[in-house]
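Worksheet: one structure, shown below.
The values are calculated or read from the model by the stated rules, or taken from the named source; none is laboratory data. Note that the structure is a prediction, hence the values are computed from the model and not measured. Here the Cβ is made from the backbone with ideal geometry for all residues, glycine too, and neighbour counts use every protein chain on show.
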Amino acid sequence: MSIEVKGVTKKFGDFNALGGVNLDIHTGELVALLGPSGSGKTTLLRIIAGLETPDSGSVIFHGNDATDQPTQDRQVGFVFQHYALFRHMTVAENIAFGLRVRPRKLRPNNTEIKNRVTNLLQLVQLEGLAERYPSELSGGQRQRVALARALAVEPKVLLLDEPFGALDARVRQELRRRLRKLHDELGVTTVFVTHDQEEALEVSDRVVVLNKGHIEQIGTPDEVYLEPKNAFVLNFLGNVNRFRGRADHGQVRIGDLTLDAPEHAALVDAPVSGFVRPHDIDITRHHNGDSASLIPATVTFIASLGPFVRVELERENGEPLDALLTRERYEELSLQSGEPVFIRARRLRVFADDVKPGGEDYSI
Amino acid sequence: MAQNRRTSSSKSDPLWVRVLLTLMALTFLGLFLAMPLCVVFIEAFQQGWRLWLSSLKDPDALAAMRLSLFAVVVAVPMNTIFGLCAAWVLTRFRFKGRSALLTLIDIPFAVSPVIAGMMLVLLFGSRGWFGSYLDAHNWKIVFATPGIILATAFVTMPFVARELIPLMESQGQEEEQAARTLGASGWQTFWRVTLPNIKWALLYGIILCSARAVGEFGAVSVVSGHITGQTMTLPLHIEARYNEYSTVAAFSAASVLALLALVTLAAKTFIELRGQVRKRH
């Protein structure tokens with residue numbers, strides 16, 4: 001089932017949780033709502049589920065306006081961040097709940113319910129735990145019960161609020177893959193909320209990046225990672241080095257570097273920032289007369305991260321930089337702490353700084 | 001570790017201190033709890049259990065017991081429903097005046113029962129605000145059963161709500177929301193999710209409420225009018241008999257009340273134990 005969100009706004013007191021959000025989710029898609037806390041991602045998910053009513057705007061399920069439809073009629077499966085399992089029911093009773101509350105005519109008989117529960121327990125690999133109570137399960141097991149319970153009613157849409165947030169890293173990775181696999185098997189439209197960019201990039205078909213109640217960018221994981229629309233998306237989707245500079249008539253100056261930036265042709269002597277990911281920085285010892293594209297820096301710290309080596313550097317103006325080298329490249333260079341080197345940015349993206357009244361001058 | 005330290009620190013107190021403290025505690029318990037309770041039963045059975053039984057079979061005593069029971073049977077369900085509604089509204093919604101309402105619920109605890117009774121007389125008495133209206137329709141509230149029920153209900157109003165509010169606050173409403181997303185209606189959610197989660201606290205509140213309702217004296221005394229056989233509840237009956245120097249009759253009735261209290265206490269302990277077992281679970 002497709003989901004359309006049209007111009008949805010929501011305020012909590014004076015706090016603008018959502019300020020006019022538009023979003024199309026296609027049938028069978030797996031979409032991640034990614035953003036920092038307070039960005040409105042959970043509110044948006046709860047509005048889709050009907051657990052929250054929007055102040056304005058509408059939610060449309062498969063072409064039908066569902067804005068005023070009560071939660072229990074929306075046929076959404078919702079997995080809560082803290083699972084919200086019924087504590088007085090066993091695992092099996094929890095999973096069967098959605099079937100047992102159906103009106104008599106639509107309710108499967110006891111054997112059917114039992115079979116369904118058994119199948120679901122198999123699906124989430126929890127056979128043998130049917131008679132346990134939620135308090136007797138580990139976090140990861142509870143999470144899977146919550147998932148099975150949501151799937152029992154064969155929802156048209158599966159919504160998950162920070163599904164892996166409360167789990168430790170190992171379990172999280174495993175469940176992430178399981179979710180992706182499950183989604184590919186069942187094909188149910190799935191939306192999940194996360195603040196972990198790695199999780200969003202790994203699992204989803206499309207990522208919706210939210211910030212302060214607005215959507216910053218929607219795109220495939222590659223699109224949002226490789227072609228970020230603005231500095232926020234770039235920053236939020238991984239570590240990045242920032243170079244402050246100025247743009248003037250399509251030319252960007254960062255330190256001694258001058259670059260062509262036709263997309264900023266409209267700017268006249270405006271502050272801009274250049275962003276480079278640590279793995280897009282290369283380090284050399286000699287400038288070979290090519291000083292126009294090189295920035296001098298000093299190695300301050302070297303940290304080995306297994307297959308990669310993180311090199312911390314300091315520019316001449318004292319600004320710190322991070323570079324991520326492959327182990328091969330690092331061994332080739334055999335860098336020493338305290339050594340003067342040159343860095344080259346393989347891929348630099350320039351965004352105009354937000355113009356704030358009385359903003360500082362960032363020229364270098 | 002902590003357990004060890006606690007034991008060793010109590011061992012380090014000199015013996016005479018421990019003996020003295022224990023004796024003091026026991027003396028107080030004996031003087032103020034055990035002895036009065038024993039006196040009630042001793043006085044009640046002073047002239048044999050036949051007299052005890054016959055004084056309970058006295059029509060006035062029976063009428064008093066019936067009225068007390070009736071007041072409890074009406075007032076306690078009223079307060080149970082009120083308590084559930086109040087706890088639900090106060091824990092599931094955030095609105096202006098919420099904290100004022102939370103305080104308001106405690107008023108019956110803070111106000112002297114006598115004042116509660118007088119308030120009812122001022123409202124519904126023949127010279128009260130609604131007096132002439134009630135007279136015109138030949139409705140009697142004060143000096144009649146409705147007044148006694150109202151007084152009992154007012155005084156015992158906070159018990160159920162007070163038990164439920166902290167529990168429902170801490171449990172949150174995620175389970176209820178989960179039930180809704182699974183297709184449960186409001187009623188189904190209440191019966192299958194909300195109620196099972198609060199049932200022990202609810203029962204506990206009902207028991208406390210009933211115990212207090214049976215024993216209520218002050219407020220009921222003001223609105224009752226003390227009409228023998230009509231508006232005398234069990235506590236009022238006891239007082240009347242005592243004032244007439246019919247000791248056996250007074251204490252026989254009192255023994256019934258005391259017995260009720262003991263049963264309540266047992267039920268309360270049982271529920272507390274159940275609650276603890278479930279928590280450990």
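Conditions: (1) within 14 Å of chain A (Cβ to nearest Cβ); (2) in contact (Cβ under 8 Å) with a residue 60 or more places away in the chain. Residue B:191 meets all but one. Number of the miss?
Going through the list (1) within 14 Å of chain A (Cβ to nearest Cβ); (2) in contact (Cβ under 8 Å) with a residue 60 or more places away in the chain, residue B:191 breaks only (2).
If you go through region A:240-255 one residue at a time, do you hit one that is part of a helix (DSSP H, G or I) and crowded, with 22+ Cβ neighbours inside 10 Å?
No: region A:240-255 contains no residue that is part of a helix (DSSP H, G or I) and crowded, with 22+ Cβ neighbours inside 10 Å.
Among the numbered criteria (1) closer than 27 Å to residue A:164 by Cα; (2) more than 24 Å from the chain's Cα centre (by Cα), which one does residue A:39 miss?
Among (1) closer than 27 Å to residue A:164 by Cα; (2) more than 24 Å from the chain's Cα centre (by Cα), residue A:39 violates only (2).
Got at least one residue in region B:60-67 being in contact (Cβ under 8 Å) with a residue 24 or more places away in the chain and loosely packed, with under 12 Cβ neighbours inside 10 Å?
No - not one qualifying residue is present in region B:60-67.
When the residues of region B:170-181 are filtered to those that are farther than 11 Å from residue A:97 by Cβ and facing chain A (nearest Cβ under 7 Å), which remaining residue is surrounded by the fewest Cβ atoms within 10 Å (Cβ to Cβ)?
Checked region B:170-181; the qualifying residue surrounded by the fewest Cβ atoms within 10 Å (Cβ to Cβ) is B:174.
Among residues belonging to region A:162-186 that are part of a loop (DSSP other than H, G, I, E, B) and modelled with pLDDT under 90, point out the one that is surrounded by the fewest Cβ atoms within 10 Å (Cβ to Cβ).
A:168
Does any residue of region A:54-77 turn out to be touching a strand residue (DSSP E or B) at 6+ places or on another chain (Cβ under 6 Å), facing chain B (nearest Cβ under 9 Å) and modelled with pLDDT under 95?
yes
Go through A:151, A:137, A:160 for me and flag whichever is within 23 Å of the chain's Cα centre (by Cα), within 14 Å of another protein chain (Cβ to nearest Cβ), hydrophobic (A, V, I, L, M, F, W, C) and within 20 Å of residue B:174 (Cβ to Cβ).
Residue meeting the stated conditions: A:160.
Out of the residues in region B:127-162 that are among the hydroxyl-bearing types (Ser, Thr, Tyr) and surrounded by fewer than 23 Cβ atoms within 10 Å (Cβ to Cβ), state the one that is modelled with the highest pLDDT.
Result: B:145.
Among the residues of region A:266-286 satisfying the criterion of being charged (D, E, K, R) and in a loop (DSSP other than H, G, I, E, B), which is farthest from residue A:322 (Cα to Cα)?
Here the answer is A:269.
Applying the selection to region A:102-112, what residues are within 16 Å of residue B:188 (Cβ to Cβ) and not in a loop (DSSP other than H, G, I, E, B)?
Within region A:102-112, A:104, A:105, A:106 qualify.
Quick check, is residue A:84 over 19 Å from residue A:216 (Cα atoms) and aliphatic (A, V, I, L, M)?
yes
In region A:211-269, which residues are within 29 Å of the chain's Cα centre (by Cα) and of a type in the set (S, T, N, Q)?
Within region A:211-269, A:211, A:217, A:220, A:230, A:235, A:239, A:241 qualify.
Is it the case that some residue within region A:203-217 is touching a Ser or Thr at 6+ places or on another chain (Cβ under 6 Å) and not charged (D, E, K, R)?
yes
Looking at (1) buried (at least 21 other Cβ atoms within 10 Å of the Cβ); (2) on the phi > 0 side of the Ramachandran plot, find the lone condition where residue A:150 falls short.
Answer for residue A:150: the failing condition is (2).
For residue A:127, all conditions in the list (1) over 20 Å from residue B:171 (Cα atoms); (2) assigned to a loop (DSSP other than H, G, I, E, B); (3) within 14 Å of chain B (Cβ to nearest Cβ) hold save one; what is the number of the exception?
If we test residue A:127 against (1) over 20 Å from residue B:171 (Cα atoms); (2) assigned to a loop (DSSP other than H, G, I, E, B); (3) within 14 Å of chain B (Cβ to nearest Cβ), just (3) comes out false.
Tell me which residues, restricted to region B:236-251, are over 21 Å from residue B:220 (Cα atoms) and in a helix (DSSP H, G or I).
B:247, B:248
Just to verify a result, which residue in region A:86-101, among those that are in a loop (DSSP other than H, G, I, E, B) and more than 15 Å from residue B:183 (Cα to Cα), is farthest from the other protein chains (Cβ to nearest Cβ)?
The qualifying residue farthest from the other protein chains (Cβ to nearest Cβ) is A:90.
Take region A:47-85 and flag every residue that is of a type outside the set (Gly, Ala, Ser), buried (at least 19 other Cβ atoms within 10 Å of the Cβ) and in a helix (DSSP H, G or I).
A:47, A:48, A:71, A:72
Which numbered condition in (1) surrounded by 14 or more Cβ atoms within 10 Å (Cβ to Cβ); (2) within 30 Å of residue A:80 (Cα to Cα); (3) away from chain A (no Cβ under 14 Å) is the only one that residue B:184 fails?
Unmet for residue B:184, out of (1) surrounded by 14 or more Cβ atoms within 10 Å (Cβ to Cβ); (2) within 30 Å of residue A:80 (Cα to Cα); (3) away from chain A (no Cβ under 14 Å): (3).
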